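Read through the structure below, which is laid out as structure tokens, and then see the notes.
Only the coordinates and a few stated rules stand behind these numbers; no lab work does. On a predicted model such as this, the values are computed, not experimentally measured, just so you know. Quick reminder, even Gly has a Cβ in these numbers, built from the backbone with ideal geometry, and neighbours come from all protein chains shown.
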């Protein structure tokens, strides 16, 4: 495996659909770095009328690339949906490259994100305990070190290696008989995992990311997270595909942050970042307890609808 000498050597996959999101800002950064290898993937339209938007976005994205680089595309003719479309694109990308970066249309990186990914990809290439590298600092908590490790997968701007990604079965965690081989020891994380598995088994979400996280957990693999946010998500609000509960990204860029590799950091001994973050995100143990039972909400809603119809 060859190490990346410069940040512009790291291949980048751009995922788009029917909106530009923050891609113009993203390509401004890619242009500044002069990324050498760009992969473009786009899901197919859901209707004939939407096909004009999808085609227009594809053309617009291609027009952003005005510097010498290698470009490959995977454009779906039919709509696969979020889960299958992203999974198919990610599997294609990592079948083409040994390691690389994945960015969705609403995830805008800053320039430091690329040097950070290059650094981590080079230094954790042989450490199979690490599955992914995220540019997102999801919780506003101080890790007291440049970066840490987390058993939760943060997919808003990430990087990985082909030997961690190829062959993942995105449908497996959706099966009702799917069981985690590695159950979290702490009650807080256990409640969170139970909730995610409930969302998947009851098919209340069409998520590739939750599925990947459960597959990484089964292998006891971690996600590297920086002690400073390197990704801005612009997909909030009414136009957001899935992130429509907030009006804007509460996390801001941390431009001045410097993240250096430290061989003393051990994935097995990661700090309490996730534990504290989950308690904050779900407003304590009661909120996590409710989330852990979320698979039953679909059944309850169906029963209520039936009762209303009968009444």
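What to note about this one:
- Equivalent ellipsoid, the chain (semi-axes from 5 times Cα gyration tensor eigenvalues, Å): 30, 26, 18
- Once the chain from residue 300 to residue 123 is taken as fully extended at 0.36 nm per residue, the excess over their C-alpha distance is 58.9 nm.
- The relative contact order of the chain, computed from alpha carbon pairs under 8 Å that lie at least 6 residues apart in sequence, is 20 percent.
- Each peptide in 121-130, 46-55 gets a packing score, the mean of other Cβ atoms within 10 Å over its residues, and the list from highest to lowest is 121-130, 46-55.
- When only Cα pairs below 8 angstrom with a gap of at least 6 residues are kept, the range 165-219 shows a relative contact order of 50 percent.
- Distance from the range 68-134 to the range 186-236 (C-alpha centre basis), Å: 17 Å
- Pairs of Cα atoms in the range 102-220 fall into 10 Å distance bins, from 0 up to the last occupied one, in shares of 12, 41, 36, 11, 0 percent.
- Between residue 171 and residue 5, the C-beta separation translates, for a Förster distance of 30 Å, into a calculated FRET efficiency of about 0.20.
- Here 279, 230 are placed in order of increasing Cβ neighbour count within 10 Å, fewest first, which gives 279, 230.
- Estimated Rh, the range 1-147: Kirkwood, alpha-carbon pairs, angstrom: 16.3 Å
- Three-way shape label, the range 9-58, alpha-carbon gyration tensor, a/c 1.5: prolate
- Taking other C-beta atoms within 10 angstrom as a stand-in for reagent exposure, 165, 65 fall in the order 65, 165, fewest first.
- In a fully extended conformation the segment linking residue 183 and residue 276 would gain 31.6 nm over its present Cα-Cα distance, using 0.36 nm per residue.
- The relative contact order of the range 1-125 comes to 40 percent, based on Cα pairs under 8 Å that sit 6 or more residues apart.
- Computed FRET value (nearest 0.05) for residue 62 with residue 289, which takes r as the C-beta separation and R₀ as 35 Å: 0.15
- Least to most buried among 187, 2 (fewest other Cβ within 10 Å first): 2, 187
- Cα-based shape type of the range 47-95, given that a ≥ b ≥ c are square roots of the gyration tensor eigenvalues and the cut on a/c is 1.5: oblate
- Taking 38, 300, 225 in turn, the Gaussian network model of the chain (Cα-Cα springs below 10 Å) assigns the largest fluctuation to 300.
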